[in-house]
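Shown next, in structure tokens, is the structure this report addresses.
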Amino acid sequence: MTDREEGFHYRDGDLYCEDVHIGDLCAKHGTPLYVYSHAALTGQYTALAEAFEGSDPAICYSVKSNSNIAVVRSLARLGAGADIVSGGEMHRALKAGVPPEMLVYAGVGKTDREIGDALAAGILLFNIESVPEAYAIDRVARGMGVTAPVALRVNPDVDAQTHRHTTTGKKGTKFGVDIDRAVSVYKELNELPNLDLCGVHVHLGSPVTTLSAYEVALDRVAALVRSLRDVGIASVRMLNVGGGLGIAYRDETPIDVGEYAACLRRHADDLNCRLILEPGRFISGASGIMCTQVVYRKEAGHKTFIIVDGAMNDLIRPALYDGYHAIRPVVGAGRDTETVDVVGPVCESGDFLAKDRDMERAEQGDVLAVFSAGAYGFVMSSNYNSRPRAAEVLVMGAAASVVRERETVEDLTRGESIPPALLGDG
Ligand code: LLP
């Protein structure tokens with residue numbers, strides 16, 4: 001990481017996000033609290049964009065990784081597009097100022113309504129995941145008198161060595177069509193008058209830390225595009241390589257962005273195609289932390305539990321994927337370490353942020369930072385156990401803005417009602 005990208009750093013044992021003291025920020029806004037660094041977000045985007053300088057990729061930030069409109073806006077201002085998977089994400093992206101012609105729309109279950117809204121907005125591309133979906137898009141487009149730009153998502157059968165819940169490029173997942181069937185599917189779709197078969201899409205899974213997975217997949221995709229051209233389907237001019245670029249949560253060695261760009265550019269240039277990228281975690285992952293306060297220390301058996309006010313409903317990655325997130329005090333870091341479990345108050349033993357973790361001693365009342373929580377953190381949070389969701393803050397230099405308010409208990413029951421028959425006694 002270069003200095004430019006480094007949003008979080010310690011000064012004399014206290015954690016800062018850019019120029020904001022995290023301990024003070026938490027005292028003001030409470031915990032659990034998500035904090036994002038604008039400099040880190042934009043630095044990561046810029047690092048990627050610079051690696052592609054001289055070519056003209058559409059860098060479509062994957063909104064699912066962190067969909068706060070202030071985050072999306074920060075990137076849209078630099079020219080980012082957006083990778084969206086629902087009408088809700090399209091709403092956010094447009095609200096944040098992403099131009100419609102920079103939107104790519106993925107997802108295995110697009111409804112007619114979502115398709116119609118996206119066509120009306122004038123998006124860049126649909127990534128289609130199945131033959132029935134292609135027919136639906138063609139039908140909706142015909143009804144509107146327009147042509148829909150589409151890329152078929154192919155499953156290249158490459159094992160990118162990601163967690164089983166986030167592997168998508170292997171045979172047997174619900175995503176895309178098998179690459180060996182792709183020529184015949186393109187031939188069939190070529191008959192649909194309201195589709196422009198302008199692209200091919202591939203996404204391997206997330207997070208990916210081996211460049212060879214991309215090399216192998218793109219070789220297979222390139223062979224497919226050549227076969228298509230051989231059979232007279234010459235409309236493919238966009239190569240959408242998806243997202244997946246990993247980050248260093250612990251001791252992983254992420255893919256070098258320069259090598260990644262070189263690999264992608266070589267394939268796109270050979271095919272004379274425009275590149276589309278869908279990076280999420282690479283941009284938002286290390287740009288955010290979740291702050292959480294120690295409620296109690298509890299000794300049980302030979303274990304020490306640090307019970308914090310942030311739980312699996314706030315950050316589910318440890319529970320769902322055994323995800324590792326570094327955890328350190330926000331004030332007075334540099335203490336002796338001990339081995340602990342960091343757990344939340346939710347009534348499940350799967351509710352943990354760290355297990356058997358060697359970390360700096362944390363006392364009751366201390367605030368801890370859970371690092372690299374900017375991607376798939378707040379967006380995957382829920383109200384389980386009727387816990388109001390955390391607030392989100394965006395830091396720009398010395399300024400900190402609340403970009404999503406903490407939910408209240410009133411928010412929890414909004415939209416619920418008791419039928420009249422249940423009102424009154426008995
Ligand atoms: N494009 C497609 C088609 C995707 O399915 C995804 C992520 C991305 C792009 C962005 O991937 P990224 O660059 O962020 O790796 N919740 C999981 C990750 C789920 C990824 C879903 N798809 C986690 O917390 O690890």
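The values are calculated or read from the model by the stated rules, or taken from the named source; none is laboratory data. Since this is a predicted model, take the numbers as computed values, not measurements. Ideal geometry is used to build each Cβ from the backbone, glycine not excepted, and the neighbour counts take in all protein chains shown. Keep in mind that these areas ignore ligands, DNA and RNA; they rest on the heavy atoms of the full protein, side chains included. Shrake-Rupley method; radii C 1.70, N 1.55, O 1.52, S 1.80 Å.
Points to keep in mind about this one:
- Kirkwood-Stokes translational diffusion coefficient of segment 235-368, alpha-carbon pairs, 10 °C, 1.306 mPa s, µm²/s: 91
- At 1.306 mPa s and 10 °C, Stokes diffusion of segment 236-287 via Kirkwood alpha-carbon radius, µm² per second: 132
- Shape category assigned to segment 319-426 from the gyration tensor of Cα positions, a/c cut at 1.5: prolate
- With a cut-off of 20 Å on the backbone N, the residues of segment 315-335 near the modelled label site 7 Å out from Asp24 along Cα-Cβ are 329-333.
- The dipole here belongs to segment 30-98: it is taken about the Cα centre, uses +1 on the Cβ of Lys and Arg and -1 on the Cβ of Asp and Glu, and is about 340 debye.
- The dipole here belongs to segment 272-355: it is taken about the Cα centre, uses +1 on the Cβ of Lys and Arg and -1 on the Cβ of Asp and Glu, and is about 260 debye.
- Kirkwood Rh (inverse of mean 1/r, distinct Cα pairs), segment 91-192, angstrom: 14.6
- Segment 70-76 - phi-based ³J(HN,Hα) in whole Hz, Karplus 6.51/-1.76/1.60, Gly and Pro as x: 6, 5, 4, 4, 4, 7, 4
- Within-12-Å neighbourhood charge of Ser67 [Cβ basis; K, R +1; D, E -1]: +2
- For segment 137-152, 3J(HN,Hα) computed residue by residue from phi via the Karplus equation (6.51, -1.76, 1.60; θ = phi - 60°) reads 5, 4, 5, 5, 5, 4, x, 9, x, 10, 10, 9, x, 9, 10, 7 Hz, glycine and proline entered as x.
- Whole-percent pair-distance distribution, where bins are 10 Å wide, for the alpha carbons of segment 30-162: 12, 37, 32, 16, 3, 0
- Cubic angstrom per residue, convex hull over Cα atoms of segment 190-261: 93
- Positive end of the dipole of the chain (Cβ unit charges, origin at the Cα centre): among Pro345, Ser381, Gly109, the Cα lying farthest that way belongs to Gly109.
- Kirkwood-Stokes translational diffusion coefficient of segment 166-307, alpha-carbon pairs, 37 °C, 0.692 mPa s, µm²/s: 185
- A simple count of charges around Arg297, restricted to other residues whose Cβ falls under 12 Å of its Cβ and scoring Lys, Arg +1 and Asp, Glu -1, yields -2.
- Surface composition of segment 81-236: carbon and sulfur atoms hold 50% of the protein heavy-atom accessible area at a 1.4 Å probe.
- By the Cα gyration tensor, segment 38-284 has an equivalent ellipsoid whose semi-axes, rounded to whole angstrom, run 26, 22, 16 from largest to smallest.
- FRET efficiency, Asn272 to Tyr384 (Cβ-Cβ, R0 51 Å, nearest 0.05): 0.55
- The eigenvalues of the Cα gyration tensor, multiplied by 5 and square-rooted, give the chain an equivalent ellipsoid with semi-axes of 40, 26, 20 Å from largest to smallest.
- Using R0 = 25 Å, the C-beta based FRET efficiency linking Asp56 and Leu320 works out to 0.10.
- Were the residues from Arg77 through Asp159 laid out at 0.36 nm apart, the gain over their Cα-Cα distance would be 26.0 nm.
- Cleavage-rule hits, trypsin sites (Lys or Arg not before Pro), segment 226-302, DSSP coil, Cβ neighbours within 10 Å at most 13: Arg250
- If both residues of a DSSP beta bridge must be in the chain, then about 50% of such bridges are antiparallel.
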